[in-house]
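The values are calculated or read from the model by the stated rules, or taken from the named source; none is laboratory data. Bear in mind that the values here come from a model prediction, so they are computed numbers and not experimental data. Note that we place each Cβ from the backbone using ideal geometry, even for glycine, and neighbour counts take in every protein chain shown. Keep in mind that these areas ignore ligands, DNA and RNA; they rest on the heavy atoms of the full protein, side chains included. Shrake-Rupley method; radii C 1.70, N 1.55, O 1.52, S 1.80 Å.
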Amino acid sequence: MAFVTVFHDDVAIAIVDAGKKTGSSALDYAYMSTQNIDGSWSIEVTQGSMYREDVKLLVCNDFDGGVEIGHRSTMTGDTMIMDGQRFEVAPYGFEVLA
């Protein structure tokens with residue numbers, strides 16, 4: 001089982017269970033699983049929700065005027081850790097960080 005920890009601005013925001021995926025396939029899955037395309041990946045109940053049960057949110061969502069607002073999408077410059085190795089989301093794929 002592959003688990004990928006996703007960081008936004010150096011804050012661990014989620015752990016994605018990528019199942020039997022390995023390497024860049026697991027990283028791609030984590031990236032895809034933390035995108036806001038049709039709803040929010042971090043809000044369980046929204047119309048057209050992108051919420052996924054295989055993503056464990058590590059940081060609570062914020063509220064604006066009493067309305068829950070989800071976290072932003074993972075983007076270039078964010079990082080992920082898998083199997084003790086840190087990766088940066090690059091414009092195309094992922095770069096290994098020292």
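Considering helices alone, the calculated mean residue ellipticity of the chain at 222 nm is -3500 deg cm²/dmol, with DSSP H runs of length four and up weighted by -39500 (n - 2.57) and normalised per residue. Summing charges over all other residues whose Cβ lies under 13 Å from the Cβ of Glu88, with Lys and Arg as +1 and Asp and Glu as -1, gives -3. Subtracting the Cα-Cα distance of Arg86 and Tyr51 from their residue separation scaled by 0.36 nm leaves 10.1 nm. Computed FRET efficiency, Cβ-Cβ of Val96 and Ile37, R0 25 Å: what is it to the nearest 0.05? That gives a FRET efficiency of 0.40. Taking only the C-alpha atoms of the chain, the Rg (one decimal) and the largest Cα-Cα distance, Dmax (whole number), read 13.2, 42 Å. With a 1.4 Å probe and every protein chain kept in, tell me what percent of the accessible surface of the chain is carbon plus sulfur. For the chain, the apolar C and S fraction of the accessible surface comes to 53 percent. Heavy atoms of the protein chains alone define the surface here; on that basis the chain has 60 Å² accessible area per residue at 1.4 Å probe size. Here is the list for the range 1-78: GluC sites (Glu not before Pro) lying in DSSP coil, each with at most 10 other C-beta atoms within 10 angstrom of its C-beta, are Glu53. The charge dipole of the chain, taken about its Cα centre with unit charges on the Cβ atoms of Lys, Arg (+1), Asp and Glu (-1) only, comes to about 280 debye. Each Lys or Arg adds one and each Asp or Glu subtracts one; over the other residues with Cβ under 12 Å from the Cβ of Glu68, this totals -3.
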